[in-house]
Amino acid sequence: MISFEIPEKINNEMQMAKMVAESVMRQYSRYYDEHEHERPSEYINMMWPVMREQHRRRTEKLQQNGNGNGSTPKREGPDFSILRLILMIEMLSWGDAGQYLCTPDPALGGAAVEAVGTKEQKIRILGKFGQGEPKWGAMAMTEPGAGSDTSNIRTTATLDPATNEWVLNGEKIFCTNGGLALDESEGFVVVWATVDASAGRSGMKPFIVEAKSPGVKVTKKEHKLGIRVSDTVAIVFDNARIPYDNILGSLEATQRDGSTKGFKGAMATFDASRPAVAASAMGICRAALEFTRDKLAEEGIVVDYTKPKNQMTAVERDLLEMEARHKSAWLLTLRSVVLMSHGQPNRLEASMCKARAGETVTWVTQKAVELLGPMGYTREWLTEKWMRDAKINDIYEGTKQINTLIVARSILGYSRRELK
């Protein structure tokens, strides 16, 4: 029999996450929405000891297991740490999605290191997160002329044989946590650059750029519609020099294993991160849904699930539809997570849940504002904020259109060239 019960240990940890979401994140949600570039210090200080301990344990496990190329022994049963992470993301995003994005953690940069880094790189870069003061990781891929089409990336990485260093030149935009990562002495950003601009995706490689590296400068902090407390910046690389060993996976390995290894590494990163983005969307979605349902219940509007739809009021039918869309998107997300936790490919499911979650949270939060009327539109309630926070989930980590393309290609068996 299939069980949908969450293990007791994870359930206990979710209670702690719920406490943080309710007592810290919700309490300061409006404040940080209106003070866009302030650090959410209350949340960071509460979460850092928890995150530090998690990363300390992960580093110890990595040091004990695996071989030189970063692989680990064949797992016995599912990896519940992935489920734990996704459930925590959903809960913290229920509290406040912008503050959740400020969690002191390797984040997308860490996902890239996990996907294509060597064991030594994982221990050296990610091991720092198990000690000391709060620190952040980030990933820089988007450029002014390269969004969804990564083949247009123009940031270059050139090897200087005289010093055996990589020299990076270019600009990255919309880098989540980029400012936090580069402001802390032990933070880092994974930068996707090309070693051969004429090769398109084949020339793409990921590089670890550590904080305080010469030639790296944050040039702009973005003013955004939603998730306003989240750190989002533009970064310029002006003859930025980084050690030779800071190419993820090593240049020799990428050349030996295939010219598209860098691009495949980027896609592997997204396979892991898209379910996380979907989970965040589901947290916002649940927040709006629960608040709307509670407020309408105060007015005597409660869905009677025993009645057929044609006997329900328009508002009751809308509530039912909100619940159905939320549940279907959440189950798609969990399906993708289950595949990951069993070490199975999840590219199709990752794109499916990301596209569905972004579409769902946008619709549900807009419907929440609509059903709650003028009060839902005011800043007295958080409903309008959730609607603003929701929209980014339809855009970053691959737009809905891009993820729909990936789903279509996977199901129909078409290549990128055959179906655009």
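The values are calculated or read from the model by the stated rules, or taken from the named source; none is laboratory data. Just so it is clear, the structure is predicted and the values come from calculations on it, not from any experiment. In this analysis, Cβ positions are derived from the backbone assuming ideal geometry, glycine residues included, and neighbour counts consider all displayed protein chains. When the accessible area is computed, the model is the full protein with side chains, heavy atoms only, and any ligands, DNA or RNA have been set aside. Shrake-Rupley method; radii C 1.70, N 1.55, O 1.52, S 1.80 Å.
Look at T365 and say whether it is open to solvent by less than 10 Å² (accessible area, probe 1.4 Å), assigned to a helix (DSSP H, G or I) and in contact with a Phe, Trp or Tyr (Cβ under 6 Å, 6 or more places away or on another chain). In short, yes.
The single condition from (1) outside any helix (DSSP H, G or I); (2) open to solvent by less than 70 Å² (accessible area, probe 1.4 Å) that Y414 fails is (2). In the set (1) over 20 Å from the mean Cα position of the chain (by Cα); (2) among the aliphatic types (A, V, I, L, M); (3) in a helix (DSSP H, G or I); (4) at pLDDT below 95, L419 fails one condition alone, (3). Within the option set R274, R293, R325, R286, being part of a helix (DSSP H, G or I), touching a His at 6+ places or on another chain (Cβ under 8 Å) and in contact (Cβ under 8 Å) with a residue 24 or more places away in the chain holds for one residue only, R286.
From the list G187, G200, G170, G179, the one residue that fits, being farther than 17 Å from I235 by Cβ, open to solvent by less than 50 Å² (accessible area, probe 1.4 Å) and small (G, A, S), is G200.
Checking each residue of region 128-139 against the condition of being in a helix (DSSP H, G or I) and either of a type in the set (F, W, Y) or farther than 29 Å from T156 by Cβ (or both) gives at least one match.
Checking each residue in region 33-59 for being open to solvent by 10 Å² or more (accessible area, probe 1.4 Å), assigned to a helix (DSSP H, G or I), charged (D, E, K, R) and more than 24 Å from I123 (Cα to Cα) picks out E34, E42. Of all residue pairs spaced 6 or more apart or on separate chains, those with beta-carbon atoms under 9 Å, a first member in region 14-30 that is among the hydrophobic types (A, V, I, L, M, F, W, C) and a second member that is open to solvent by 10 Å² or more (accessible area, probe 1.4 Å) and not in a helix (DSSP H, G or I) are M14/I6. Of all residues in region 338-357, those satisfying the criterion of being more than 21 Å from I402 (Cβ to Cβ) and either open to solvent by less than 40 Å² (accessible area, probe 1.4 Å) or of a type outside the set (A, V, I, L, M, F, W, C) (or both) are S341, H342, G343, Q344.
All told, L87 meets the bar of being part of a helix (DSSP H, G or I), closer than 27 Å to Q344 by Cα and modelled with pLDDT of 95 or more. Taken over region 334-352, residues that are in contact (Cβ under 8 Å) with a residue 60 or more places away in the chain, assigned to a helix (DSSP H, G or I) and more than 11 Å from D271 (Cα to Cα) amount to 3. In region 131-152, the residues that are touching a residue at least 24 places away in the same chain (Cβ under 8 Å) and closer than 19 Å to F207 by Cβ form Cβ pairs under 6 Å with partners that are surrounded by fewer than 18 Cβ atoms within 10 Å (Cβ to Cβ) and small (G, A, S), at six or more places apart or across chains, as follows: S151/G200.
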